[in-house]
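The values are calculated or read from the model by the stated rules, or taken from the named source; none is laboratory data. What you see is a predicted model, and the numbers here were worked out from it, not measured in a lab. Cβ coordinates were reconstructed from backbone atoms using ideal geometry, including for glycine residues, and neighbour counts include every protein chain displayed. For the accessible areas, the whole protein counts, side chains as well, though only heavy atoms, and no ligand, DNA or RNA atoms are used. Shrake-Rupley method; radii C 1.70, N 1.55, O 1.52, S 1.80 Å.
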Amino acid sequence: MDTEQHTPRRSRIAILWRGDAAARQEATPHNNRFVRVFEALEASGIEACPVVYDESFADAVRDQLLTMDGVLVWVDPIHQGKTRAALDPLLCEVAAKRPMKRTWVSAHPDVILKMGVKEVLYRTRHLGWGADTHRYATADAFRAEFPSRLRTAGPRVLKQNRGNGGQGVWKVEALPNADATVRVLHALRGSQPEETPLDALMARCEPYFGWGGCIIDQAFQPRLPEGMIRCYVSGSKVAGFGHQLIKALIPPPPEGPDAPEAQPGPRIMHGPDAPQFRTLRRLMENEWIPQLMATLAIDEASLPVIWDADFLYGPRDADGADTYVLCEINASSCFAIPDEAPAAIAQTVSERVRRSVESVR
């Protein structure tokens, strides 16, 4: 009788980020910014493997990912002129390659296209986090509808559908007695306000239709100087918060955009139980995340292992309490994260691994 005991194989999870060939060769679980995530996965009994990606060695990355049980991806939509145009099909291929034991990907590109783009602001505008939001699907619609909306509805914020770091986000204000000229401020760090013909601004924005497919138009939130609240989520549970006095879309002081006063403040991290964000956590977990899933047809198992929802303070309600307006969801590359987040990531990954094993039994 064979009494030999076999130790079950540990699940292998890739942590993937962008880098060059040297970074790929030198990568270990300990020499990168994801070290706490590697440690948390290891403590959960999961083998986490560093995978550095670039288009120049995409085939090697594909072969490596096909040996994994799951992939956690941290790659921005736009980085130093490169996009995810080649990476996303690769990830979809990997996720669908092995029919008997699929490699799951977080966040899957299909999920990113639902929730990690600015269009989510339009699709979920009916939720409690919504604001006055419009979507322009074509350049013709943009030219036909935006000018009158700007004149009648006050300052607007235009957002390209896919981007990060303030790229393609513009505050636009109509100037008194000057229908054809507007004041604009790009959210990209170092930008200064400028006055430009409205036609020129719209022409500058037209390339966004090629990359992202649409432009989103939101009402400017006057409480922006009070800061942005980043709500970090693992799966469907809040993993922490970050509050930051941002400077994007706020005109720099007379000293210019490089002055100390023009720089954003530090992002102050808080755990999920932070009392000042108790209401926001309740709204997210009990109302908004379930409503988001229903609206976008995303099941809980497909939610990113780590993502964040960025909120600005909206108008105070009748009782003087804060309201919150969603300005972005980040699902492609959510980092830095609160101290509590790596353990939350490891817990969510463990649950995904267990479900994956059960699904092939």
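With respect to (1) under 24 Å from Arg156 (Cβ atoms); (2) in contact with a Pro (Cβ under 7 Å, 6 or more places away or on another chain), the lone exception for Asn32 is condition (1). Annotation: of all residues in region 309-327 being among the charged types (D, E, K, R) and open to solvent by 40 Å² or more (accessible area, probe 1.4 Å), the one that is farthest from Gly227 (Cα to Cα) is Asp319. Within region 58-79, the residues that satisfy the criterion of being farther than 24 Å from Gly163 by Cα, part of a helix (DSSP H, G or I), open to solvent by 10 Å² or more (accessible area, probe 1.4 Å) and not charged (D, E, K, R) are Ala60, Gln64.
Looking at this structure, is Tyr122 over 30 Å from Ser350 (Cα atoms), surrounded by 14 or more Cβ atoms within 10 Å (Cβ to Cβ), more than 20 Å from the chain's Cα centre (by Cα) and aromatic (Phe, Trp, Tyr)?
In short, no.
From the list Gln276, Gln291, the lone residue that is part of a helix (DSSP H, G or I), under 29 Å from Leu113 (Cβ atoms) and open to solvent by 60 Å² or more (accessible area, probe 1.4 Å) is Gln291.
Taking each residue of region 204-220 that is farther than 10 Å from Arg162 by Cα and of a type in the set (A, V, I, L, M, F, W, C) and looking for partners that are assigned to a strand (DSSP E or B) and open to solvent by 30 Å² or more (accessible area, probe 1.4 Å) with beta-carbon atoms closer than 7 Å, six or more apart or interchain, yields Ile216/Arg135.
Looking at Val353, is it in contact (Cβ under 8 Å) with a residue 40 or more places away in the chain, open to solvent by less than 70 Å² (accessible area, probe 1.4 Å), assigned to a helix (DSSP H, G or I) and in contact with a Gly (Cβ under 8 Å, 6 or more places away or on another chain)? Spelling it out, Val353 is indeed in contact (Cβ under 8 Å) with a residue 40 or more places away in the chain, open to solvent by less than 70 Å² (accessible area, probe 1.4 Å), assigned to a helix (DSSP H, G or I) and in contact with a Gly (Cβ under 8 Å, 6 or more places away or on another chain). Filtering region 9-57 to residues that are in a loop (DSSP other than H, G, I, E, B), surrounded by fewer than 16 Cβ atoms within 10 Å (Cβ to Cβ) and either in contact with a helix residue (DSSP H, G or I) (Cβ under 6 Å, 6 or more places away or on another chain) or not β-branched (Val, Ile, Thr) (or both) leaves Arg9, Arg10, Asp20, His30, Asn31, Arg33, Gly45.
Using the structure shown, decide if Lys171 is assigned to a strand (DSSP E or B), over 19 Å from the mean Cα position of the chain (by Cα) and buried (at least 18 other Cβ atoms within 10 Å of the Cβ).
On the way: assigned to a strand (DSSP E or B): yes; over 19 Å from the mean Cα position of the chain (by Cα): yes; buried (at least 18 other Cβ atoms within 10 Å of the Cβ): yes.
When the stated conditions are applied, Lys171 passes them.
Identify the residue in region 264-273 that is open to solvent by 50 Å² or more (accessible area, probe 1.4 Å) and part of a loop (DSSP other than H, G, I, E, B) and, among all such residues, is farthest from Arg223 (Cα to Cα). Among those residues, the one meeting the criterion is Asp273.
Selection of first residues in region 13-28 that are at negative phi and of second residues that are at pLDDT below 95 and in a strand (DSSP E or B), restricted to Cβ pairs under 8 Å at least 6 apart or on distinct chains, gives the following pairs, ordered by first then second residue: Ile13/Gly70; Ala14/Gly70; Arg18/His79; Arg18/Lys82. For the residues Arg281, Arg204, the requirement of being of a type outside the set (A, V, I, L, M, F, W, C), part of a helix (DSSP H, G or I) and more than 20 Å from the chain's Cα centre (by Cα) singles out Arg204. Scanning region 306-321 for residues that are within 16 Å of Phe241 (Cα to Cα) and part of a loop (DSSP other than H, G, I, E, B) returns a single hit, Ile306. If you go through region 252-263 and keep only what is in contact with a helix residue (DSSP H, G or I) (Cβ under 9 Å, 6 or more places away or on another chain) and surrounded by fewer than 16 Cβ atoms within 10 Å (Cβ to Cβ), you end up with Pro253, Glu255, Gly256.
Does region 330-343 contain any residue that is part of a strand (DSSP E or B), at pLDDT 95 or above and within 16 Å of the chain's Cα centre (by Cα)? Before the answer, list the steps.
Step one: filter region 330-343 for residues part of a strand (DSSP E or B), giving 330.
Filter again for at pLDDT 95 or above, leaving 330.
Subset that is within 16 Å of the chain's Cα centre (by Cα): 330.
Yes; the residues of region 330-343 include at least one that is part of a strand (DSSP E or B), at pLDDT 95 or above and within 16 Å of the chain's Cα centre (by Cα).
Can we say Gly213 is under 23 Å from Asp317 (Cα atoms) and among the small types (Gly, Ala, Ser)? Lay out the reasoning, then the answer.
Working: under 23 Å from Asp317 (Cα atoms): no; among the small types (Gly, Ala, Ser): yes.
Spelling it out, it is not the case that Gly213 is under 23 Å from Asp317 (Cα atoms) and among the small types (Gly, Ala, Ser).
Hey, any hits in region 127-145 for a residue that's open to solvent by 10 Å² or more (accessible area, probe 1.4 Å) and under 18 Å from the mean Cα position of the chain (by Cα)? Yes, because at least one residue in region 127-145 is open to solvent by 10 Å² or more (accessible area, probe 1.4 Å) and under 18 Å from the mean Cα position of the chain (by Cα).
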